[in-house]
Amino acid sequence: MFRKLFIADLKMMARNRQALFWAFMFPLIFTFIFGLFFGKNTSVGTVALINDSNTQLSTDLSSTLQNATIFKIQKEKDVNVAKDEIAKSKIAAIVYIPNNFGLLTPEAPKTITIISDQANAQTSSVISSFVNQFLTQANYQIQNAKPIFQISEEKTSNKTLTYFDFVFAGILGLALMNSSVIGIAVGMSKYREDKILKRITTTPLPSYIFVVAEVLSRLILNLFQVGTIVIIGKYVFDVHIYGNIFVVFGLALIGGLLFQLMGFVVSSFSKTTDAAQGMATAITIPMMFLAGVFFPIDTLPKWLYSIVQYLPLAPLLRMLRAVTNDGTSPFANPVNIVIVSIWILVCLAISIFRFKLSEE
């Protein structure tokens, strides 16, 4: 009976092409958006370079800017034209090198002008720091001097990581959460509206068999979701995955189980499909921003961090990033798996209890 129910669930998911399409498309949209902005060969913005000087110093600065990979350089000849492009959001900043800049004469200009868009603080900060560092080194060379104070950088790991690598694990967790919570909640509520649950409770089929069959069938969908995201992230945007990919899929199964059970909890408290949709959205949207999908949650206020670190998605993302970003065991910090396990047990207990005592 369980096998037949499991196969029937798989067939119903395959036939619901619209829901299947969005189950894959929603996380892929985030993957492409963040991959295009923060994946391989990306920059912080386009900078217009106007070089009116022919000195060696101005030539060196121009070459250094063009060889940099952190922003795109667009050569211009007129400052007013470049300002107009800033107003049209075609470029983010202007680097203007005046005539005779770099000549070691009293009357030669000594200042490079950077004109930036206030709305693009990131590019403005990066280009200003870049040019300032270049000029500082030039000043030391011209004066034949060495800096007295300097910094020494030490990294805890020799791994190459980007912001997209950080977000990538978050997208995996987001895909599992959204498709599972919303899919189960809306699906079960639709069963209730169509009186399917009522028919099930009048059969000898135990409620837990129904729950387990639904969860396992949707875990298959979760594996395909994660596999698709991993393939696109790896071969399109060169995401770095330092740990074992099979461990990532194992964590996906754990996450899928957790969020599908949460979907059952939501559906058990929702009388209609619209109510289930609203309740599921009210759970997933705040968790998407507070559990660390797009930014580290330790940047939140201390009082808020002490709460959101226990959200179901937060420990799952910590384990995923331990594998993908650090290449370590997801269970290096046992607290994470303990939190996830508690959520699974609580949601499972509520799901079985509610369906078992359903009035349908």
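Of the residues making up region 158-180, at least one is charged (D, E, K, R), in contact (Cβ under 8 Å) with a residue 24 or more places away in the chain and not in a loop (DSSP other than H, G, I, E, B). Looking only at region 209-250, residues that are more than 22 Å from Thr162 (Cα to Cα) and among the aliphatic types (A, V, I, L, M) come to 10 in all. Please give the number of the condition Ser329 fails out of (1) crowded, with 18+ Cβ neighbours inside 10 Å; (2) among the polar types (S, T, N, Q); (3) assigned to a loop (DSSP other than H, G, I, E, B). With (1) crowded, with 18+ Cβ neighbours inside 10 Å; (2) among the polar types (S, T, N, Q); (3) assigned to a loop (DSSP other than H, G, I, E, B) applied to Ser329, the lone miss is (1).
On the given criteria, is Ala275 more than 18 Å from Phe24 (Cβ to Cβ), in contact (Cβ under 8 Å) with a residue 40 or more places away in the chain and crowded, with 21+ Cβ neighbours inside 10 Å?
Working: more than 18 Å from Phe24 (Cβ to Cβ): yes; in contact (Cβ under 8 Å) with a residue 40 or more places away in the chain: yes; crowded, with 21+ Cβ neighbours inside 10 Å: no.
Against the criterion (more than 18 Å from Phe24 (Cβ to Cβ), in contact (Cβ under 8 Å) with a residue 40 or more places away in the chain and crowded, with 21+ Cβ neighbours inside 10 Å), Ala275 does not qualify.
If we keep just the residues of region 92-124 that are touching a residue at least 40 places away in the same chain (Cβ under 8 Å) and farther than 19 Å from Thr64 by Cα, which is nearest to the chain's Cα centre (by Cα)? Residue satisfying both the conditions and the ranking: Gln122.
Among the residues making up region 65-91, those that are among the β-branched types (Val, Ile, Thr) and loosely packed, with under 13 Cβ neighbours inside 10 Å are Thr69, Val81.
Scan region 180-217 for residues that are crowded, with 19+ Cβ neighbours inside 10 Å and among the polar types (S, T, N, Q) and the total you get is 3. The set of residues from region 82-91 being without any contact (Cβ under 8 Å) to a residue 24 or more places away in the chain and of a type outside the set (A, V, I, L, M, F, W, C) comprises Asp84, Lys88.
Just one of the listed residues (Pro204, Pro147) is touching a Phe, Trp or Tyr at 6+ places or on another chain (Cβ under 8 Å), modelled with pLDDT under 80 and part of a loop (DSSP other than H, G, I, E, B), namely Pro147.
Among the residues of region 260-299, how many are of a type in the set (Gly, Ala, Ser) and either within 20 Å of the chain's Cα centre (by Cα) or part of a loop (DSSP other than H, G, I, E, B) (or both)? Show your work before the answer.
Kept after step one, since they are of a type in the set (Gly, Ala, Ser), are these residues of region 260-299: 263, 267-268, 270, 275-276, 278, 280, 282, 291-292.
From what's left, either within 20 Å of the chain's Cα centre (by Cα) or part of a loop (DSSP other than H, G, I, E, B) (or both): 270, 282, 291-292.
Selection size over region 260-299: 4.
Check region 183-200 and report whether any residue there is touching a Phe, Trp or Tyr at 6+ places or on another chain (Cβ under 9 Å) and closer than 20 Å to Ile339 by Cβ. No, region 183-200 contains no residue that is touching a Phe, Trp or Tyr at 6+ places or on another chain (Cβ under 9 Å) and closer than 20 Å to Ile339 by Cβ.
Tell me which residues, restricted to region 215-243, are of a type in the set (Ser, Thr, Tyr) and assigned to a helix (DSSP H, G or I). Hits for region 215-243 are Ser217, Thr228, Tyr235.
Can you tell me which residue within region 332-356, out of those that are part of a helix (DSSP H, G or I) and among the small types (Gly, Ala, Ser), is surrounded by the most Cβ atoms within 10 Å (Cβ to Cβ)? Steps first, answer last, please.
Step one: filter region 332-356 for residues part of a helix (DSSP H, G or I), giving 334-356.
Filter again for among the small types (Gly, Ala, Ser), leaving 341, 349, 351.
On the way: Ser341: 13, Ala349: 12, Ser351: 27.
Across region 332-356, the extreme among qualifying residues is Ser351.
Taking each residue of region 66-81 that is without any contact (Cβ under 8 Å) to a residue 40 or more places away in the chain and looking for partners that are part of a loop (DSSP other than H, G, I, E, B) with beta-carbon atoms closer than 8 Å, six or more apart or interchain, yields Thr69/Asn41; Thr69/Ser43; Lys72/Ser43; Lys72/Gly45; Gln74/Ile91.
The values are calculated or read from the model by the stated rules, or taken from the named source; none is laboratory data. The structure presented is a predicted model; accordingly, all values stated were derived computationally and were not measured. Please note: Cβ atoms are built from the backbone with ideal geometry, for glycine as well, and neighbour counts cover all protein chains shown.
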